[in-house]
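Okay, structure first, notes after.
The values are calculated or read from the model by the stated rules, or taken from the named source; none is laboratory data. Remember, predicted model here, so these are calculated numbers, not experimental data. Counting neighbours? That spans all protein chains shown, and the Cβs are built from the backbone with ideal geometry, glycine included.
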Amino acid sequence: MKPLSMLRKSVSLADAIVETLKADIQAGTILPGTHLHQEDLAKRFAVSRVPVRDALFKLSSEGLVSIEANRGAVVTKLTTDQITEIYDLRLILECDALDRAIKAIKNEDLPAIRRALRLCRLEADGGDWRAADNEFHRTIYRLSGRLKQVEIIESLRASVQAYWAQYSTLATNEPHWLEQHDALYRCIEQRDARRAVKLLRTHLIEASIKLTS
């Protein structure tokens, strides 16, 4: 864990704690269902309980932590139905964002997408492939111009990150994962929105099945 003093100076103490805990939750270091005791966190970060409490409330507003009566803060544990619902919402929002992005894209936007695609290849063999995957999709969706929609998409993606932590490497799925990203980029390059949306839909449905099976 990075010392809080090394985190961005522009963020508040509570935001720095949020950033660290969010990374731990999404990486699977802190598992769903884990109790987050204010006293323990205050000791860990060498702060009072005030910024810890503020951080937990912020994580709660993002859906990563649940504040329960007589139990305190608990890392959110999603049911199969909830995961399915999240992916249903992602299908609607991400496919729409992709369609809009392709219709708005310019040639000068393509290098950034290619860089994100190269990062996926570099990280696919066991690195931080979840972050690379997020960056690839984020780079594309932002071109839609629908920044609030992209913000909601990122929140939905973050809510299931902890459940992907069990897949620390892509293992036998690596070629298929990379092929899907390569195919999606080719569709974007050719401005084939219809096929791109079809590929993304398949990608998300497969991911949903993998997490809920």
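What residue, of ALA55, ALA46, is surrounded by 18 or more Cβ atoms within 10 Å (Cβ to Cβ) and either more than 15 Å from the chain's Cα centre (by Cα) or not aromatic (Phe, Trp, Tyr) (or both)?
None of the others qualify; the one that does is ALA55.
Across the range 69-92, which residue is farthest from ILE209 (Cα to Cα) among those that are assigned to a loop (DSSP other than H, G, I, E, B) and without any contact (Cβ under 8 Å) to a residue 12 or more places away in the chain? It would help to see each step written out before you state the result.
Taking the range 69-92 and keeping what is assigned to a loop (DSSP other than H, G, I, E, B), we get 69-71, 76-79.
From the residues that got through so far, the ones that are without any contact (Cβ under 8 Å) to a residue 12 or more places away in the chain too are 69-70, 79.
Numbers: ALA69: 33, ASN70: 35, THR79: 13 Å.
Once the filter is applied, the top-ranked residue is ASN70.
In the range 93-106, which residues are basic (Lys, Arg) and in a helix (DSSP H, G or I)?
ARG100, LYS103
Out of (1) modelled with pLDDT of 90 or more; (2) assigned to a helix (DSSP H, G or I), what's the single condition that is false for VAL47?
So the condition that VAL47 fails would be (2).
Can you report the number of residues in the range 115-155 which are out of contact with any helix residue (DSSP H, G or I) (no Cβ under 8 Å at 6 or more places or on another chain) and crowded, with 20+ Cβ neighbours inside 10 Å?
Within the range 115-155, residues that are out of contact with any helix residue (DSSP H, G or I) (no Cβ under 8 Å at 6 or more places or on another chain) and crowded, with 20+ Cβ neighbours inside 10 Å number 0.
Do you know which residues across the range 93-114 are charged (D, E, K, R) and either touching a residue at least 12 places away in the same chain (Cβ under 8 Å) or more than 24 Å from THR139 (Cβ to Cβ) (or both)?
Scanning the range 93-114 gives GLU94, ASP96, ASP99, ARG100, LYS103, ASP109, ARG114.
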